[in-house]
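Below you'll find the structure, written out as structure tokens, and then a few comments.
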């Protein structure tokens, strides 16, 4: 694993609403929890986003509660990813370190803001 995609430290700052990662090359990234939830890489969330993009009916309404952006827990998945467990129970999204680094929201990495989470 390359230095730029190997985390040295991972911290969830619930009060600030951020996932903070310091990478092995000492670069620091801060991911808003709201952005992470909106870009959840699980199959269900990806399919919902795809369906929303394909839907041309402007009257489609969602009646359920909004997805939670509060982290209830987190765990490493092997040496390549982190799984976030949201307070509403959703926990199937596995955020690969390489994809997170590619989407680093800092102005140096992505001057126009973070792109949608990339698949690896």
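Does segment 1-49 come out rounded, prolate or oblate by the C-alpha gyration tensor, with a ≥ b ≥ c the root eigenvalues, rounded set by a/c under 1.5 and, if not, prolate when a/b is larger than b/c and oblate if not?
Values: a/c = 3.41, a/b = 1.49, b/c = 2.29.
It is oblate, given that a/c is not under 1.5 and a/b is not larger than b/c.
Note the angle between two axes, namely the Cα long axis of helix 43-54 and the longest principal axis of the Cα atoms of the chain, as a number of degrees from 0 to 90, rounded to the nearest 10. That helix lies at roughly 60 degrees to the long axis. Shape class of the chain from the alpha-carbon gyration tensor: prolate, with a/c at 1.5 or above and a/b greater than b/c.
Coordinate-derived values only; no laboratory data. Fair warning: this is a prediction, and the values are worked out from it, not measured in the lab.
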